[in-house]
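Novice: Below is a structure I'd like to ask you about.
The values are calculated or read from the model by the stated rules, or taken from the named source; none is laboratory data. Keep in mind the model is a prediction, meaning the values are calculated, not measured. Reconstructed Cβ throughout: ideal geometry from the backbone, glycine too, with neighbour counts over all protein chains shown. For the accessible areas, the whole protein counts, side chains as well, though only heavy atoms, and no ligand, DNA or RNA atoms are used. Shrake-Rupley method; radii C 1.70, N 1.55, O 1.52, S 1.80 Å.
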Amino acid sequence: MLPSPAALLLDFGGVIVESGRSPHDRHSALIQRVHRLTAGAVSAEQIRDALGRAKQARSRLREDDEECLEITHEHLWGELIAAEWPAVARATVLVHATDLTRQWARRTDWQLRPGIADLLDFTVGRGMPVAVVSNTPCGQAHRDALDDFGLTGAIAAQIYSDELGVYKPHPSMIWAAARELGVPAAASWFVGDQPHRDIACARRAGVGAAILMPEGEPRESGEHTPDAVVADGNELLDLLRKSL
């Protein structure tokens, strides 16, 4: 039996939402926008390639950074995406870096994972605070999605890596959420979809229970073993009810 939680901390991608069938080129609108902003100085194909390389470079930076320092929107566009573009084009996208990152981070194929709406109805009814704790290039994209899903009112705090400056597994992500909720981390459950990011973060932060909600079949978690594994929001709600 897991300890009864005073608060629930949820990852965004993989827990609150899942990705559906992504369009062939989900960045087409962003690519066209950047092409217009740069007055055609950079071709659509160059922009597409730059976005792909930047995604890979960002992943490599995360693998090598033991301090878990999140890159800024300006660093993303100035150093990873537009570093080799003409100077005027690079300067132009830097001016719009935050809004462009917001568009880059937002997915049109996000959909709520099964049972999440019922789970949040339950926590609201119990007066149990819920926080979102998520790694993302732009937290505002996640805030927008929660607004669109009509869930913002059920969320007491939202902690995003680009706004805090560090990313999971740095424990400050969870500690910041606990502070905003006014609940000790040890009295909270944290639910994530990646053992090496989420379960590791939960252990470092000292939460009451670390719960894995994988997309698809659970992967081998190695040293990062969760206290429980749930398939979706329905199973998480069942687990929560049993603990109270």
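Novice: Just to check I understand the Karplus step: with θ = phi - 60° and J = 6.51 cos²θ - 1.76 cosθ + 1.60, what whole-Hz values come out for region 78-87, glycine and proline as x?
Specialist: Listing the rounded values in order: x, 10, 9, 9, 9, 4, 9, 7, x, 4 Hz.
Novice: Now for a separate question. Pick from F122, F12, F190 the residue whose mean-square fluctuation is largest in a GNM of the chain, springs joining Cα atoms under 10 Å.
Specialist: F122
Novice: Provide the FRET efficiency to the nearest 0.05 for the V124-A231 pair, computing r from the beta carbons and using R0 = 25 Å.
Specialist: That gives a FRET efficiency of 0.65.
Novice: Taking a ≥ b ≥ c as the square roots of the Cα gyration tensor eigenvalues, with a/c under 1.5 meaning rounded and otherwise prolate when a/b beats b/c, else oblate, which class fits region 105-168?
Specialist: Verdict is oblate for region 105-168.
Novice: Could you tell me the relative contact order of region 1-100? Use alpha-carbon pairs under 8 Å, at least six residues apart, and round to a whole percent.
Specialist: 25
Novice: What residues have an amide H closer than 5 Å to that of L10, excluding those fewer than 5 places away on the same chain, when H is modeled at 1.01 Å from N in the peptide plane?
Specialist: A131, V132, V133, V191
Novice: Say each of Q111 and S43 gets a label point 7 Å from the Cα, pointing the same way as Cα to Cβ; how far apart are those two points in nm?
Specialist: 3.7
Novice: Can you give me the accessible area per residue for region 108-211, using a 1.4 Å probe, in Å²? Could the numbers behind the result be given before it?
Specialist: Values: 3700 Å² over 104 residues.
Accessible area per residue: 36 Å².
Novice: Output the relative contact order of region 159-244, whole-number percent, from Cα pairs under 8 angstrom with separation of 6+ residues.
Specialist: It rounds to 23 percent for region 159-244.
Novice: Under a 1.4 angstrom probe, counting protein chains only, how are M173, M1 ranked by accessible area, largest first?
Specialist: In descending accessible area the options line up as M1, M173.
Novice: Given the options S161, S59, S43, state which has the largest fluctuation in a GNM of the chain using a 10 Å cut-off (strictly under) for Cα springs.
Specialist: Its mean-square fluctuation being the largest, the pick is S59.
Novice: With every protein chain kept in place and ligands, DNA and RNA left out, what is the accessible area per residue of region 1-98? Probe 1.4 Å, answer in Å².
Specialist: Normalised by residue count, the accessible surface of region 1-98 is 55 Å².
Novice: Using helices alone, I'd like the mean residue ellipticity at 222 nm for the chain: each DSSP H run of four-plus residues gives -39500 (n - 2.57), total over residue count, nearest 500.
Specialist: -12000 deg cm²/dmol
Novice: Using 1/(1 + (r/R0)^6) with R0 = 51 angstrom and r between the beta carbons of A29 and L244, what's the FRET efficiency to the nearest 0.05? Could you put the intermediate results ahead of the total?
Specialist: On the way: r = 44 Å, r/R0 = 0.87.
That gives a FRET efficiency of 0.70.
Novice: Restricting to bridges with both residues inside the chain, how much of the DSSP beta-bridge set is antiparallel, in percent to the nearest 5?
Specialist: Numbers: 4 of 22 bridges.
Antiparallel bridges make up about 20 percent of those DSSP assigns within the chain.
Novice: Between T98 and D148, what is the label-point separation in nm under the 7 Å Cα-to-beta-carbon projection?
Specialist: Rounded to a tenth, the inter-label distance reads 2.1 nm.
Novice: Whenever you get a sec, compute what percent of the accessible area on the chain sits on carbon and sulfur atoms (1.4 Å probe).
Specialist: 48
Novice: Report the relative contact order of the chain, percent, no decimals, based on alpha-carbon pairs under 8 angstrom and at least 6 residues apart.
Specialist: Relative contact order comes out at 27 percent.
Novice: So what are the ³J(HN,Hα) numbers for region 223-235, from phi and the Karplus equation (6.51, -1.76, 1.60; θ = phi - 60°), rounded to whole Hz, Gly and Pro as x?
Specialist: 6, 9, 8, x, 7, 7, 10, 10, 7, 6, x, 5, 5
Novice: At 7 Å along the Cα-to-beta-carbon direction for both E223 and T72, put a label point, then send me their distance in nm to one decimal.
Specialist: So the label points at E223 and T72 sit 3.3 nm apart.
Novice: Related question: Note the full-extension length gain between E84 and R62 as 0.36 nm times their separation in residues minus their Cα-Cα distance, in nm to one decimal.
Specialist: Fully extending the segment from E84 to R62 adds 5.7 nm.
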